[in-house]
Amino acid sequence: MSRLLDEIHDPRDLKALSMAQLQTLATEMREEILRVVAVNGGHLGPSLGVVELTLALHRVFESPQDQIVWDVGHQAYPHKLLTGRLDRFHTLRQYGGISGFTRRAESPHDIFGAGHGGTSISAASGLGAARDLTGEDRHVVAVIGDGSFTAGMAYEAMNHAGGMGQRLMVILNDNEMSISPNVGAMARYFTKITTTPVYRRLEADVYDLLGKIPSLGGKARIAAKRVKEGLKGLMVPGLLFEELGFKYYGPIDGHDIPLLVRTLKELKEFREPVLLHVLTKKGKGVGFAEAAPIKYHGLGPFDKVTGRTAPGAINSYSQEFAQILIDMAALNPRMVAVTAAMLEGTGLRAFAEKYPDRCFDVGMAEQHAVTFAAGMAVNGLRPVCAIYSTFLQRGFDQVVHDVALQNLPVVFAVDRAGFAGDDGPTHHGAFDIPYLRCIPNMTLMAPTDEQEFADMLHTAVEAATGPVAVRYPRANVSGRGRQGFHRIEWGKAEVKRTGADIAIWGIGTGVELALETAHILEKGGLHATVVNARFAKPLDEQLLVEQARKFNRIVTIEEGSLAGGFGSAVLEALERNEVRGVEVRRLGFPDEFIAHGKRDQLLRDVGLTPELLARRVVEWWREHAAR
């Protein structure tokens, strides 16, 4: 059976469709998104919620001549369907397929790549400034969700664009959700706006009344403006956006295509900053996604009819993290948890339900999260700040300036360290060892299993006198279980296996790889000592120097960037201790951004499997022996 969707190869194809056909197309797009995401996993709820808005945008504007910037990019599945990627949509988030976010290399319609929230208005403002300087004539539109409006960068951009009086349209897609329910004063502010539709009705009535008094002429317009401002202050206190220089319109129904098209056509004629506030429903059109917007924000494969997902037999590190914190909180009343709009992603929802007064979700504001935790530490609390590796990058200055410089005991639980799988390069935790290891006063650890994970967090909270980061992967724990808490000796590594020929030092997930690699090497007659470094900083330099002098050959394995990473720390330590004549082979991520795909596939691509590691070690050994 043919679909209208199959006839859409370019956004221009929408121009000839009737409103009824656009509505049919919206239904077909939802069906296609549901079909593919049920198999591949992905961001279901956000994309289902913006189908009509996407259709209206591409009906009114001329992409890519007009430039549409999608904040985060996880709500851009409908955009991909309308911009020539229908035939590849089944490859969404698959190895070698199209990205789950906007990506410039993928389509000229993806004018700006994204994966983190709060960037769209800044990018759109930059696009607009370039347009104005080069004398081009195009519209620039930023589509940003209310969740991203908890990011300070959005207000920095609006303050600048509004101050310039820049020709720019911002569309606030308000579904009262980010990944978790929105928190804070801005969420309440949006609610206040949406519950005062009487303001817009009164505004229209005032203009209508005064416009019918011809003797007033220009005075009528002045009077109307004054009344409008008075109503604004009375009915919608503050109207923050207009104070920032943006003309505010809305809220309007984000699922009413004729209304959206009509409104966008009117607003595109403005030569000044405008903000259109649209109300949408996350998961729109799919009952189970509407009923559980948190669960169906982003998830793995599921049954497209029932929405059921397969239960995991073993906890993920994120799930285990929450249980560890619950157990720790029972022992230490000063321990608190902080996260940045990631209660679900970091697993902290369970902790928040058990200890609601000791769990703080600050919204999509990593900078604030870090300094907020620093303030708590000053007054004697022991904050555990749970943030993804790539999201913590956004708070780097605060880690340096507000935590490390003051040597405050904030514990950073660095989730998604290493490959993040189908989410791709915007989410791979490749750089946390380099960017944390270089900071004075910082301690950096990585566990090999759930018991060591618990012990590291316990040691950090109970014994640290300065900042500590514990990095862990987007993977399942070993399943061996854990029992109690034990203090880890600070800065001390652990020898896991002894051998007479070569030393292999692993950290985190690299330790299990090292053990499996050593097993393969032994079959070929090469006997390796395997060390669980535990600490990337401070290294166990005493053990390292002993082994370097004994073996003269050391291999390091890490699930992260080689540039400045754990292997680099080993080289620096050998230099610092004036150990010469030792050869080191560092194995980890190459100096490039790595595409999306299943974690196991990506590990194979960079050579981080036991078989590939063993082959590389043997080749290196033979090269050395042949000299």
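The values are calculated or read from the model by the stated rules, or taken from the named source; none is laboratory data. Computed from a predicted structure; not experimentally measured. Here the Cβ positions follow ideal geometry from the backbone for every residue, glycine too, while neighbour counts run over all protein chains shown.
Taking the stated definitions as given, is Leu325 in contact with a Gly (Cβ under 9 Å, 6 or more places away or on another chain), more than 30 Å from Ala595 (Cα to Cα) and either in the same structural domain as Leu436 (by TED's automatic domain parsing) or not hydrophobic (A, V, I, L, M, F, W, C) (or both)? Steps first, please.
Working: in contact with a Gly (Cβ under 9 Å, 6 or more places away or on another chain): yes; more than 30 Å from Ala595 (Cα to Cα): yes; either in the same structural domain as Leu436 (by TED's automatic domain parsing) or not hydrophobic (A, V, I, L, M, F, W, C) (or both): yes.
Yes, satisfied.
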- Query: If you go through region 1-29, how many residues are buried (at least 19 other Cβ atoms within 10 Å of the Cβ) and closer than 22 Å to Thr91 by Cβ?
  - Reply: 4
- Task: Starting from region 308-332, keep only residues that are in contact (Cβ under 8 Å) with a residue 40 or more places away in the chain, then list their pairs with residues that are among the hydroxyl-bearing types (Ser, Thr, Tyr) whose Cβ atoms are within a distance under 6 Å, requiring at least 6 positions of separation or different chains.
- Result: Tyr317/Tyr472; Ser318/Thr346
- For Ile433, all conditions in the list (1) more than 30 Å from Arg103 (Cβ to Cβ); (2) assigned to a helix (DSSP H, G or I); (3) in contact with a helix residue (DSSP H, G or I) (Cβ under 8 Å, 6 or more places away or on another chain) hold save one; what is the number of the exception? (1)
- Task: Could you run through region 341-367 and say how many residues are in contact (Cβ under 8 Å) with a residue 40 or more places away in the chain, over 18 Å from Asn315 (Cα atoms) and part of a helix (DSSP H, G or I)?
- Result: 1
- Note on the structure: Flagged in region 597-623 as in contact with a Lys or Arg (Cβ under 7 Å, 6 or more places away or on another chain) and over 19 Å from Ile507 (Cβ atoms), in numbering order, are Trp620
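Based on this model, can you work out whether Arg586 counts as under 24 Å from Asp501 (Cα atoms), touching a residue at least 12 places away in the same chain (Cβ under 8 Å) and charged (D, E, K, R)? Break it down into steps so the answer makes sense when it comes.
Details: under 24 Å from Asp501 (Cα atoms): yes; touching a residue at least 12 places away in the same chain (Cβ under 8 Å): yes; charged (D, E, K, R): yes.
So Arg586 passes the test.
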- Task: Could you tell me whether Ile594 is in contact with a Leu (Cβ under 9 Å, 6 or more places away or on another chain), farther than 16 Å from Trp505 by Cα and either modelled with pLDDT of 95 or more or outside any helix (DSSP H, G or I) (or both)?
- Result: yes
- Looking at region 485-508, which of its residues are more than 14 Å from Leu539 (Cα to Cα), of a type in the set (Val, Ile, Thr) and either touching a helix residue (DSSP H, G or I) at 6+ places or on another chain (Cβ under 9 Å) or assigned by TED's automatic domain parsing to the domain that holds Ala329 (or both)? Ile502, Ile504
- Message: Quick test of your reading of the structure: Ile554 fulfils all but one of (1) surrounded by fewer than 17 Cβ atoms within 10 Å (Cβ to Cβ); (2) at pLDDT 95 or above; (3) over 30 Å from Val461 (Cα atoms); (4) in contact with a helix residue (DSSP H, G or I) (Cβ under 7 Å, 6 or more places away or on another chain). Name the failing condition by number.
- Response: (1)
- Could you say whether any residue in region 135-153 is farther than 21 Å from Val274 by Cβ, free of Cβ contacts under 8 Å to residues at least 24 places away in the same chain, surrounded by fewer than 23 Cβ atoms within 10 Å (Cβ to Cβ) and out of contact with any Phe, Trp or Tyr (no Cβ under 6 Å at 6 or more places or on another chain)? yes
- Qualifying residues in region 373-394 (those that are buried (at least 20 other Cβ atoms within 10 Å of the Cβ) and without any contact (Cβ under 8 Å) to a residue 40 or more places away in the chain) - the one farthest from the chain's Cα centre (by Cα): Ala377
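Of these, Val570, Val584, Val579, which one is in a helix (DSSP H, G or I) and of a type in the set (Val, Ile, Thr)? Explain how you work it out, then say what you get.
Numbers: Val584 fails: in a helix (DSSP H, G or I); Val579 fails: in a helix (DSSP H, G or I).
After ruling out the rest, the residue left standing is Val570.
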- Message: The conditions are (1) at pLDDT below 90; (2) part of a loop (DSSP other than H, G, I, E, B); (3) touching a helix residue (DSSP H, G or I) at 6+ places or on another chain (Cβ under 8 Å), and Ala289 fails exactly one of them. Which is it?
- Response: (2)
- Message: Among the residues of region 78-93, what is the count of those that are outside any loop (DSSP other than H, G, I, E, B) and over 24 Å from Met153 (Cβ atoms)?
- Response: 10
- Would you call Val468 farther than 15 Å from Glu559 by Cβ and touching a Ser or Thr at 6+ places or on another chain (Cβ under 7 Å)? yes
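Going residue by residue through region 541-553, is there one that turns out to be closer than 22 Å to Val477 by Cα and of a type outside the set (S, T, N, Q)? Step through it out loud before you land on a result.
Just the residues of region 541-553 that are closer than 22 Å to Val477 by Cα, to begin with: none.
No, region 541-553 has no match at all.
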- Among Arg131, Arg93, the single one that is at pLDDT 95 or above and assigned by TED's automatic domain parsing to the domain that holds Gly287 is Arg131
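Which residue out of Thr102, Thr54, Thr119 is surrounded by 18 or more Cβ atoms within 10 Å (Cβ to Cβ), touching a Leu at 6+ places or on another chain (Cβ under 7 Å) and either within 17 Å of Ile171 (Cα to Cα) or modelled with pLDDT under 95 (or both)? I'd like the intermediate steps shown before the answer.
Values: Thr102 fails: touching a Leu at 6+ places or on another chain (Cβ under 7 Å); Thr119 fails: touching a Leu at 6+ places or on another chain (Cβ under 7 Å).
The match here is Thr54.
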- Message: Being under 23 Å from Leu603 (Cα atoms) and buried (at least 24 other Cβ atoms within 10 Å of the Cβ) is true for just one of Phe412, Phe431, Phe419. Which residue is that?
- Response: Phe419
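Residues checked against (1) of a type outside the set (Ser, Thr, Tyr); (2) assigned by TED's automatic domain parsing to the domain that holds Val570; (3) over 29 Å from Phe551 (Cα atoms):
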residue	(1), (2), (3)
Pro434	yes, no, no
Leu457	yes, no, yes
Thr465	no, no, yes
Ser478	no, no, yes
Gln483	yes, no, yes
- Message: Could you tell me how many of the residues in region 386-420 are touching a His at 6+ places or on another chain (Cβ under 7 Å) and of a type in the set (Gly, Ala, Ser)?
- Response: 1
- Task: Tell me, please, whether a residue that is in the same structural domain as Asn173 (by TED's automatic domain parsing), in contact with a helix residue (DSSP H, G or I) (Cβ under 8 Å, 6 or more places away or on another chain) and part of a helix (DSSP H, G or I) can be found in region 60-69.
- Result: yes
- Cβ-Cβ under 8 Å pairs, at least 6 apart or on other chains, region 238-267 side assigned by TED's automatic domain parsing to the domain that holds Asn175 and charged (D, E, K, R), far side in a loop (DSSP other than H, G, I, E, B) and modelled with pLDDT of 90 or more: Lys247/Phe270; Lys247/Glu272; Lys247/Pro273
- Are any of the residues in region 70-86 surrounded by 20 or more Cβ atoms within 10 Å (Cβ to Cβ), in contact with a helix residue (DSSP H, G or I) (Cβ under 7 Å, 6 or more places away or on another chain) and among the charged types (D, E, K, R)? yes
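Answer yes or no: is there a residue in region 368-388 that is part of a helix (DSSP H, G or I), in contact with a Gly (Cβ under 6 Å, 6 or more places away or on another chain), at negative phi and not aromatic (Phe, Trp, Tyr).
Let us first name the residues in region 368-388 that are part of a helix (DSSP H, G or I), namely 368-378.
If we keep only those that are in contact with a Gly (Cβ under 6 Å, 6 or more places away or on another chain) too, we end up with 370.
Cutting the leftovers down to at negative phi gives us 370.
Now narrow it down to the ones that are not aromatic (Phe, Trp, Tyr): 370.
So far as region 368-388 goes, yes, one or more of its residues are part of a helix (DSSP H, G or I), in contact with a Gly (Cβ under 6 Å, 6 or more places away or on another chain), at negative phi and not aromatic (Phe, Trp, Tyr).
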